[in-house]
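No value in this document is a laboratory result; all are computed from the given coordinates. Just so it is clear, the structure is predicted and the values come from calculations on it, not from any experiment. FYI the Cβ positions are ideal-geometry reconstructions off the backbone, even for glycines, and counts take in every protein chain you see.
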Amino acid sequence: MNRWIGVFGWFAFAVAAGWLVGGCQQVRHQAAARVDVSLRQMQFAPTEVRVHAGDTVVFTNNDIVTHDVTEETAKLWTSGPLVVGESFAFVAQKDVTYYCSIHPIMKGKITVE
Ligand SMILES: [Cu+2]
């Protein structure tokens, strides 16, 4: 009986160790994450993204007109005009809402988890 408990104990240890190593790899992966937002048909797609602090959000203008990406509340930052095909990379540290100052109906949100 004790022998079986021992075998089970080693099995549980192996599972736990694998889970810990896997968890660390997942954290490393998340630290380097990149999330894409497409500007198309007068919208940000997706409209909202959920990221981790330090992740890079890359906005790419796939529309047929120029857009920009501008922080909405206090105009803290802007991409400047993005012509068709141009991209803008933003490292997210906290929640932010943004819009296109050329077409203010275009709005989006980054939520940092
Ligand atoms: Cu626009």
Original post:
Under a plain spin-label model, where a point goes 7 Å from the Cα along Cα-to-Cβ, how far apart in nm are Glu71 and Glu86?
Top reply: 2.0
Original post:
Near the amide H of Val37, under 5 Å away, which other amide H atoms are found, from residues 5 or more places off or on another chain, if H is placed in the peptide plane?
Top reply: Val58, Phe59, Thr60
Subject >> Relative contact order (%) - segment 35-97, alpha-carbon pairs under 8 angstrom, separation at least six >> reply: 35
